[in-house]
Amino acid sequence: MPTKKPVKTTVARSRGAQVKKPAPQAGTVRVAAIQMASGPSVPANLAEAERLIELAVEAGARMIVLPEFFCIMAMKDSYVVKAREAEGHGPIQSFLSRMAKKHHVWLIGGSLPLEASVANKVRNSCLVYDERGKLVARYDKIHLFGLDLGNEHYQEAKLIEPGDKVVVINSPFGRIGLSICYDLRFPELYRAMPDVDIIVVPAAFTATTGRAHFETLIRARAIENLAYVIAPARGGYHLSGRETHGDSMIVDPWGVVLDRLPRGSGVVIANLNPAYQASLRKSLPALQHRFIPCQQIEVNVVERRIPAKRTSPTGGETADK
């Protein structure tokens with residue numbers, strides 16, 4: 001099976017750089033993964049995210065994915081708890097909705113802190129907005145990262161309350177499976193997702209684990225599921241003293257890296273080709289050859305609700321608001 005050559009793109013790698021909008025390709029959809037080196041200020045992070053979203057839109061992206069906790073990299077866990085929002089309320093969610101509606105794109109908000117059942121924790125939640133700015137899906141991170149390498153310690157369970165549902169969305173671009181960062185190490189999560197075409201993995205891998213495993217895990221999830229994987233990450237040195245790996249990438253169903261950004265803030269762009277994906281799945285029907293069943297936890301398959309046309313007093317259709 002010949003491999004597909006990655007599509008070369010020109011994207012912003014630094015402030016002030018220009019993005020060239022590529023010529024449209026029939027039958028494909030343009031998507032973007034955004035990389036950030038977030039700081040402790042939510043307003044500053046939202047301003048940076050807005051700049052990068054606009055660059056992605058200029059490049060022709062119809063779906064844009066932000067990294068994990070794109071909106072905050074706090075000095076203390078208590079600051080993250082202070083920034084958490086109730087679903088449907090708060091400046092971070094208002095920003096995501098406004099950006100999606102303004103640019104008429106699907107925007108996957110990486111993740112942000114939402115309220116948990118206890119006062120001192122948050123849910124690490126990925127929210128998906130359609131081109132009308134409507135919230136169409138929410139996924140709460142299930143697997144919580146823990147690492148002890150002597151001088152390097154992480155215990156997400158101290159701050160984050162885990163989710164318990166797999167979430168899949170039927171979108172105009174195909175069936176999308178949601179996951180966040182550490183979820184990437186658990187292939188059974190993706191096997192529980194029925195017939196996904198696109199997997200999104202907003203991430204904030206540590207520099208240590210990212211160098212060792214990030215690309216390998218991303219490409220493995222793409223190959224074994226014959227799915228496109230969009231993996232936006234935080235990358236660089238943060239004011240909190242933490243270093244994240246970066247290397248945001250978009251990978252095709254054959255495991256080919258279509259575009260990537262090793263470090264810093266910027267935009268990763270690629271075309272998703274459903275016909276190419278279908279040809280791979282026909283040539284190598286591995287998904288039909290699965291023999292060992294996956295023990296599934298609850299799976300939410302989300303259908304976007306399209307508002308019905310309203311009839312005017314004269315009998316014609318009114319425009320949807």
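For H213, the conditions (1) in contact with a Lys or Arg (Cβ under 9 Å, 6 or more places away or on another chain); (2) at pLDDT below 90; (3) surrounded by fewer than 16 Cβ atoms within 10 Å (Cβ to Cβ) all hold with the exception of (2).
If the condition is being of a type outside the set (S, T, Y), crowded, with 24+ Cβ neighbours inside 10 Å and in contact (Cβ under 8 Å) with a residue 40 or more places away in the chain, then region 216-232 contributes A227, I230, A231, P232. Any residue at all in region 108-115 that's open to solvent by 50 Å² or more (accessible area, probe 1.4 Å), in contact (Cβ under 8 Å) with a residue 12 or more places away in the chain and in contact with a helix residue (DSSP H, G or I) (Cβ under 8 Å, 6 or more places away or on another chain)? No.
Considering Q295, Q277, the condition of being surrounded by 13 or more Cβ atoms within 10 Å (Cβ to Cβ) and either at pLDDT below 95 or under 23 Å from the mean Cα position of the chain (by Cα) (or both) is satisfied by Q277 alone.
The residues listed here are G133, G150; of these, the one that is assigned to a loop (DSSP other than H, G, I, E, B), more than 24 Å from G255 (Cβ to Cβ), open to solvent by less than 50 Å² (accessible area, probe 1.4 Å) and not acidic (D, E) is G133.
Counting the residues of region 58-71 that are aliphatic (A, V, I, L, M) and more than 16 Å from the chain's Cα centre (by Cα) gives 1. Of all residues in region 136-147, those being over 17 Å from C71 (Cβ atoms) and either open to solvent by less than 30 Å² (accessible area, probe 1.4 Å) or in contact (Cβ under 8 Å) with a residue 12 or more places away in the chain (or both) number 7.
The values are calculated or read from the model by the stated rules, or taken from the named source; none is laboratory data. Nothing here was measured: the structure is a model prediction, and the numbers come from that model. Every residue, glycine among them, receives a Cβ derived from its backbone with ideal geometry; neighbour counts consider all protein chains shown. Note: accessible area is taken over every heavy atom of the protein model, side chains too, but ligands, DNA and RNA are not part of it. Shrake-Rupley method; radii C 1.70, N 1.55, O 1.52, S 1.80 Å.
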